[in-house]
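The values are calculated or read from the model by the stated rules, or taken from the named source; none is laboratory data. Given the structure is predicted, the values throughout are model-derived calculations rather than measurements. For the accessible areas, the whole protein counts, side chains as well, though only heavy atoms, and no ligand, DNA or RNA atoms are used. Shrake-Rupley method; radii C 1.70, N 1.55, O 1.52, S 1.80 Å.
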Amino acid sequence: MRYGSSRIRFIAMIKKVAWIVERTAAIPCMFAIGAMTVIVIVGVFFRYILASPIGWTEEAARYLMIWAASLAVSMGIMKHEHVGITLVVRKLPPGLARWCALGVNLAILFFLWVLTQRGYFMAVNGKNQVSSLLGISMIWSLAAVPIAGLLAMLQTVFLIIINMLSSSSDR
């Protein structure tokens, strides 16, 4: 019985850390979406109402959208909100389905590792490039990929641990 209660406490701790990682992504994601919305409205107002377009609004909105979409990936992992094909897995016995899910999550983890590693090098190589209208270093927009990849990797590891330690009745 002692093993079961410590396992449950460990799973609860992992879920708490996963929630903290999710909030770490959610707060800047919400800020990016809010700022993007305001910038697009300002850009539309100046372009169509005042007939005096502001050039940088489209570029700023694009970079904010990249950040918001990238950060949202890690937020969806723990909640199983990403697209998946579960038709076959649902027909498998629970033990086999768990191992199938492990294989899928390990493949996702490998993909995220490659994405994060390549994204890091892409961001570092872009530090000397300057955006055309905002005049900022491209490292600020390119850094979204490795940072979001790292957060998504953490969430995937947490999901693997929770899935492997949980019985079907714990979830």
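For the chain, the relative contact order works out to 29 percent when only alpha carbon pairs closer than 8 Å and six or more residues apart are counted. Give the Debye-formula value of log10 I(q)/I(0) at each listed q (0.16, 0.30 Å⁻¹), with one equal scatterer per alpha carbon of the range 55-103, two decimals each. The Debye formula, applied to the Cα set alone, gives -0.62, -1.05. Using heavy atoms of the protein chains and a probe of 1.4 Å, the accessible area assigned to F10 is about 80 Å². Karplus-based coupling profile of the range 124-141, in residue order and whole Hz: 5, 5, x, 5, 8, 8, 10, 5, 5, 9, 7, x, 9, 5, 5, 4, 5, 7, with θ = phi - 60° in 6.51 cos²θ - 1.76 cosθ + 1.60 and x standing for Gly or Pro.
Per residue, the solvent-accessible area of the chain (1.4 Å probe, heavy atoms of protein chains only, all protein chains present) comes to 65 Å². Across all C-alpha atoms in the range 1-88, the radius of gyration and Dmax reach 20.3, 72 Å. Length, then width, then depth: along the principal axes, the Cα atoms of the range 68-163 run 56, 20, 19 Å.
Whole Å is fine, so just give me how far the alpha carbon centre of the range 59-73 lies from that of the range 103-171. Between the Cα centres of the range 59-73 and the range 103-171 lies a distance of 14 Å. Using only Cα atoms, figure out Rg for the chain and give it as a multiple of 2.2 N^0.38 Å. So the chain has a normalised radius of gyration of 1.32.
Give me the percent of the accessible area of the chain that comes from carbon and sulfur atoms, probe 1.4 Å, all protein chains in place. That share works out to 73 percent. Our helix-only sum for the chain, with -39,500 (n - 2.57) per DSSP H run of n ≥ 4 divided by its residues, gives a mean residue ellipticity at 222 nm of -25500 deg cm²/dmol. Could you compute how fast the range 21-66 diffuses translationally, taking Rh as the Kirkwood radius over C-alpha pairs and applying Stokes-Einstein at 37 °C with viscosity 0.692 mPa s? Give it in µm² per second. Translational diffusion coefficient: 293 µm²/s.
Considered as an equivalent ellipsoid built on the Cα gyration tensor, the range 117-171 has semi-axes of 38, 10, 5 Å, the largest given first.
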